[in-house]
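Please read the structure below before turning to the comments.
None of the figures in this text is laboratory data; all of them are computed from the coordinates on show. None of these values were measured; they are calculated from a predicted model. Note that we place each Cβ from the backbone using ideal geometry, even for glycine, and neighbour counts take in every protein chain shown.
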Amino acid sequence: MSDKIKILGFAGSLRKGSYNMAVLKSAVELVPKNAELEVFDLNGIPLFNQDTENPLPERVKEFKKRIRDADAILIATPEYNHSIPGVLKNALDWASRPYGDNSFEGKPVAIMSASDGVMGGERAQWPLRQVFVYLDMHPINRPEIAIGNVSKKLDANGKLIDEDTEERIKKQLDALVKWALRLKAKN
């Protein structure tokens, strides 16, 4: 059994060439030595429909189990129309259902956003934080990661090659691990 902090990461995009998934996969190499990052692909999670939540779809059961097994959550998301992508909101809804079975409860969480726009998708982060309040999640506040002009910071294979961005992600992951350890110690 590992003493490492287990971080579950997922991206709010299903696009094959998703910048946020690319950044998330690059973050796997940047976690502190006392942590590990597992990436979960939201592809295959059906649209939420309360009529189909009992029994839960298998892909949703798998997602909820991975969340519960994690010590912390890392979300990488694009910004759609100044807010949260539907894919991400759908996944959050499923993982918090049925009522009384919220997989995210008490989990520390960090947010990254990436976009080819200058602002790096940062407008998706505030509405996401609003959802965290209801889900009883505990976000870190700093450092914030919004990666603008992201396509210039990835190589042809989608690997992050910008050293400044890598350093900022390392700092965020370090802060997330420290926060997870503090919350674990309190429980």
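Data table
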quantity	calculated
In the stretch 148-179, residue farthest from GLU79 (Cα to Cα) [restricted to those that are in a loop (DSSP other than H, G, I, E, B) and in contact (Cβ under 8 Å) with a residue 40 or more places away in the chain]	LYS159
Any chance ILE145 is of a type in the set (Val, Ile, Thr) and over 15 Å from GLY12 (Cβ atoms)	no
Residues of the stretch 96-126 that turn out to be farther than 20 Å from ALA180 by Cα and not polar (S, T, N, Q), as a count	16
Breaking point among (1) free of Cβ contacts under 8 Å to residues at least 24 places away in the same chain; (2) more than 22 Å from ILE7 (Cβ to Cβ); (3) among the charged types (D, E, K, R), for GLU79	(1)
Residue in the stretch 119-137 that is among the small types (Gly, Ala, Ser), surrounded by fewer than 16 Cβ atoms within 10 Å (Cβ to Cβ) and not in a helix (DSSP H, G or I) present	no
Top-ranked residue of the stretch 33-61 - restricted to ones that are of a type in the set (A, V, I, L, M) and within 30 Å of LYS178 (Cα to Cα), ranked as nearest to the chain's Cα centre (by Cα)	VAL39
